[in-house]
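Participant: I'd like to ask some things about the structure below.
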Amino acid sequence: MPGVAQIFGQIVLYALFFVPLAYITHSPTHQYLPDDMAVLKIAIRHAGKIIGECTPLTGAEYDKLAANMKRPELCPRERSPLKLTLLLDGEALYRDTIPASGLHRDGVSSMYQRFVLPAGPHHLQLFMNDDASAEGNTWELDQNIELLPTQVMVAQFREGFVLQ
Amino acid sequence: MKTLLKKGFNQLDNLFSLAFTPQWNPMYQLGALSFFYFWVVAATGVYLFIFFETSISGAHTSLEQITHGQWYIGGVMRSFHRYASAAMGICMTLHMLREFALDRYSGVRWFSWVSGIPLLWLLFASAIGGYWLVWDIQAQYIAQLTAQWFDWLPIMVDPMAGNFLNESALSDRFFSLLVFLHIGIPLTLLLGMFIHIKRITGARNNPARGLAAGTLGAMLVVSLWQPALSQAPANLDVAVTEVGLDWIFLNPYTLIDSWGPGQTWALLVGLSTALTLLPWLPSRREKPTPVAVVDPDNCNGCGWCLADCPYDAVTMKEHDYKKGHQQSVVNPDLCISCGICAGACPSSSPFRHVDELTTGISIPGFHIKDLLTLTEKKLHALKGSNRIMVYGCDHGSVVDKLTSDSVATISMPCTALVPPAFIDYVLRKELAEGVMISGCCEGDCYYRLGNTWMDQRFSNERMPPLRTRVPREKIRVRWLGEQGTGQLVREVAEFQTELAAGAPLPIEEVS
């Protein structure tokens, strides 16, 4: 049987282990963002236009195709990358080209970016080109926004830019 | 760094042994405690799962109900769930650091070391998944930074962060996935824990009962005093500003936040890779001695070496030429060259009527025949009175410091290499008046089980036993470790004084 001194020692050592443990499982707090900032998130998931035109198959080319693969014309699969630009108060916050996904670059283009911005009024401009054959931007958004402290604003693309 | 760590752990070992006794010393049972905490987390997790709702609106609310509505059981269960997982994290980390500091990670031990590294990842993943399920602002913080962290990897086609854009983007199915992960990852962790101890004979995966009871009691007190609570419910439409964090499991998130995901991946993967390669990095440690060798002529197939090998390196097979007999076989990949098998071999008796002492199994670097020659040579050279033979181990108290004209010392890889018949022989032949056995701290043998086996051989609980005719008062067994060298010096002097007095001496406790 342990003596009184040993039991006291055990209590002290248990306390030295569990008390700091209980404390550091929730404290001290971490200041992730300042209270006067807001967050702007941009998440685009969009398939660019297909690059190139469909071309009709000649008779010989058509005959070469397997029975289950026969079709009158050959269409390219590769999609245009998205060229995206975000301007805030006239300054470029983001500018990038987002390739289509997939081995053949025939999938959707996806991107996500998050910006921490000071709360208050801002001028937001979004430009996107989703067609490699077109010059300039094919989609635009130009809007004045008012960001509240700790507000999360989301810009998405649903056949046009949408702010939430 | 290793030396400093070792000194620190030695101090802690002593402190905890004083309060808990060596049998309950938590520093010697960090792995077993980790297993114990896992079971506590699992049991309390099952209870919490019964009342937990896997939906966006139900997750936080149901946990609040568990915590406050049934604080006396649900709240305590939740606190146990949190504090036991945190304690497991600390015990596993200390276990790893201690094995590193005490040089127990290379050679044959590489498997346990390497298989332990993924366990840390799995534990962190399990704990983070648990915090995520609470769906409070801490969970929101975790969700956003985890998504940011994983999205950095080129394998992600659709950004994971897209699932946490705002409240409307979140789906209940996500919580079903989280619950699945929070059950699946800990089960993988458990599987990994069993693999981790697979190569170890009689691995200790249960702590001493008193220690287990004490730790449960302490957790109950802390759970009532500081119950685990949720923070404000998550709201993806509002940015997280100030958040309370679990600094044990969530500290990598502050790195993702400040360094960025790429550097955090580099640090954590780099650190894990370095730890994994550690057993093969050059070091100043001595090269291992050759592995144990079986002599079929002297092996009678008793299997005592098999029973005593701490690393499962010995198996039995049909004897090479004695029909109907068995003989031992040593797996060189698992043999750690401790010599415990030689101490267990019944052929290792100096009383055998043979011209030259041979044995059924021994390590070439420290053959039983050499041990006998050395013992006799050193004892014959003693001139003083109250002669003592001290057998010590290379990892415990430094016995060389005890050498004098009346004290002979021999250090070997593990003291369990000394067959009990040697002690009988030394005293019966009156080569010395007393024998002292020393080694690593009790319950903390460098070769895991050496001092446990010795104690059991001396108390006739294990073969080969120390014969009952051997006067126990002429034997001292002291498991004091390297840090107990000073104490051992004093105790040898006291032993000599007692032998000189010739007074009836107390029977030595061997445990």
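The values are calculated or read from the model by the stated rules, or taken from the named source; none is laboratory data. Remember, predicted model here, so these are calculated numbers, not experimental data. Methodologically, a virtual Cβ is constructed for each residue, glycine included, from the backbone with ideal geometry; neighbour enumeration extends over all protein chains shown. Each accessible area value is taken on the protein alone, full model and side chains, heavy atoms only, with ligands, DNA and RNA left out. Shrake-Rupley method; radii C 1.70, N 1.55, O 1.52, S 1.80 Å.
Participant: So for the pair B:Phe194, A:Thr85, with labels modelled 7 Å out along Cα→Cβ, what separation do we get in nm?
Facilitator: It works out to 6.1 nm between the two label points.
Participant: Which residues of segment B:150-186 show a drop of at least 10 Å² in accessible area when all protein chains are present, compared with their chain alone (probe radius 1.4 Å, heavy atoms only, ligands and nucleic acids excluded)?
Facilitator: The answer is B:Val157, B:Asp158, B:Pro159, B:Ala161, B:Leu165, B:Asn166, B:Ser168 - residues whose exposure falls by at least 10 Å² when every protein chain is included.
Participant: Report, to the nearest whole %, how much of the accessible area of segment A:1-80 belongs to carbon and sulfur atoms, 1.4 Å probe, protein only.
Facilitator: 66
Participant: Assigning unit charges at the beta carbon (Lys, Arg +1; Asp, Glu -1) and nothing else, what dipole magnitude in debye, to the nearest 20, does segment B:293-501 show about its Cα centre?
Facilitator: Around 500 debye, computed over segment B:293-501.
Participant: Next up: Let a ≥ b ≥ c be the square roots of the eigenvalues of the Cα gyration tensor of segment B:181-222; is it rounded (a/c under 1.5), or, if not, prolate (a/b larger than b/c) or oblate?
Facilitator: Judged from the Cα gyration tensor, segment B:181-222 comes out oblate (a/c at least 1.5, b/c at or above a/b).
Participant: What net charge is computed for the residues neighbouring A:Ala134, neighbours being all others with C-beta under 15 Å from the C-beta of A:Ala134, Lys and Arg scored +1, Asp and Glu -1?
Facilitator: Once positives and negatives cancel, what remains is -2.
Participant: So for each of A:33-44, A:48-59, B:164-175 I average, over its residues, the number of other beta carbons within 10 Å; can you give me the resulting order with the highest mean first?
Facilitator: A:33-44, B:164-175, A:48-59
Participant: 222 nm [θ] for the protein assembly as shown, helices only, -39500 (n - 2.57) per DSSP H run of 4+, per residue, to 500?
Facilitator: Taking each H run of at least 4 residues, the total per residue is -13000 deg cm²/dmol.
Participant: Here is a follow-up. Keeping all protein chains in place, calculate the accessible area per residue for chain B (probe 1.4 angstrom), answer in Å².
Facilitator: 44
Participant: With +1 on each Lys and Arg Cβ and -1 on each Asp and Glu Cβ, and nothing else charged, work out how big the dipole of the protein assembly as shown is about its Cα centre, in Debye to the nearest 20.
Facilitator: Dipole about the Cα centre, nearest 20: 2520 debye.
Participant: State which entries of A:Lys49/A:Lys70; B:Lys2/B:Lys401; B:Lys198/B:Lys377; B:Lys322/B:Lys474 exceed 32 angstrom in Cα-Cα distance in the structure shown.
Facilitator: With Cα atoms farther than 32 Å apart: B:Lys198/B:Lys377; B:Lys322/B:Lys474.
Participant: Something else: Out of residues 5 or more away from B:Asn460 or on other chains, whose amide H comes under 5 Å of its own, with H placed 1.01 Å from N in the peptide plane?
Facilitator: Correct list: B:Leu466.
Participant: Now for a different question. Can you grab the distance from the C-alpha centre of segment B:135-163 to the C-alpha centre of segment A:52-106, Å, no decimals?
Facilitator: 29
Participant: Which listed residue (B:Pro419, A:Gly107, B:Trp132) has the Cα farthest towards the positive end of the charge dipole for the protein assembly as shown, taking +1 on Lys and Arg C-beta and -1 on Asp and Glu C-beta about the Cα centre?
Facilitator: Positive-end residue among those listed: B:Pro419.
Participant: Based on alpha-carbon atoms only, what is the radius of gyration of segment B:293-501 relative to the globular estimate 2.2 N^0.38 Å?
Facilitator: That works out to 1.00 for segment B:293-501.
Participant: Kindly express, to the nearest 10 degrees and within the range 0 to 90, the angle between helix A:4-24's C-alpha long axis and the longest C-alpha principal axis of chain A.
Facilitator: 30
Participant: Sticking with this one: Roughly how crowded by other chains is peptide A:28-38, in terms of the mean Cβ count from those chains within 10 Å of each of its Cβ atoms?
Facilitator: Going residue by residue through A:28-38 and averaging, the value is 5.
Participant: For the protein assembly as shown, what does the convex hull of the Cα positions come to per residue, in cubic angstrom?
Facilitator: In the protein assembly as shown, the Cα hull volume divided by residue count equals 233 Å³.
Participant: Another one. With point charges of +1 on the Cβ of Lys and Arg and -1 on the Cβ of Asp and Glu, referenced to the Cα centre of the protein assembly as shown, which listed residue (B:Ala143, A:Gly160, B:Leu48) lies farthest in the positive direction of the dipole?
Facilitator: B:Leu48
Participant: Amide H of A:Tyr32 versus every other amide H placed in the peptide plane: which residues, excluding those fewer than 5 positions away on the same chain, fall under 5 Å?
Facilitator: Amide H neighbours of A:Tyr32: B:Glu242, B:Val243.
Participant: In segment A:91-130, carbon and sulfur make up what percent of the accessible area (probe 1.4 Å)?
Facilitator: 51
Participant: Let me check I've understood the local charge: for B:Gly443, count other residues with C-beta under 12 angstrom from its C-beta, Lys and Arg +1, Asp and Glu -1. What total comes out?
Facilitator: After counting each charged neighbour, the total is -2.
Participant: Could I ask something else about it? Leaving out ligands and nucleic acids, and using a 1.4 Å probe, what accessible area per residue does segment A:80-164 come to in Å²?
Facilitator: 51
Participant: Right, here's the next one. Let's see if you can work this out: charge +1 on each Lys and Arg Cβ, -1 on each Asp and Glu Cβ, no other charges. What is the dipole magnitude of segment A:1-152 about its Cα centre, in debye to the nearest 20?
Facilitator: It works out to roughly 700 debye.
Participant: Right, next: So, in Å, what gap is there between the alpha-carbon centers of segment B:198-273 and segment B:291-308?
Facilitator: Result: 47 Å between the Cα centres.
Participant: Please name the residues of segment A:131-164 whose accessible area, counted over protein heavy atoms with a 1.4 angstrom probe, falls by no less than 40 Å² between the chain alone and the full protein assembly.
Facilitator: Flagged in segment A:131-164: A:Thr150, A:Val152.
Participant: Further question: Give me the accessible area buried between chains B and A, both sides summed, with a 1.4 Å probe, in Å² rounded to the nearest 100.
Facilitator: 3700
Participant: Next up: Using a 1.4 Å probe over the heavy atoms of the protein chains, calculate the carbon and sulfur portion of the accessible area of segment B:172-324 as a whole percent.
Facilitator: Accessible surface attributable to carbon and sulfur in segment B:172-324 totals 64 percent.
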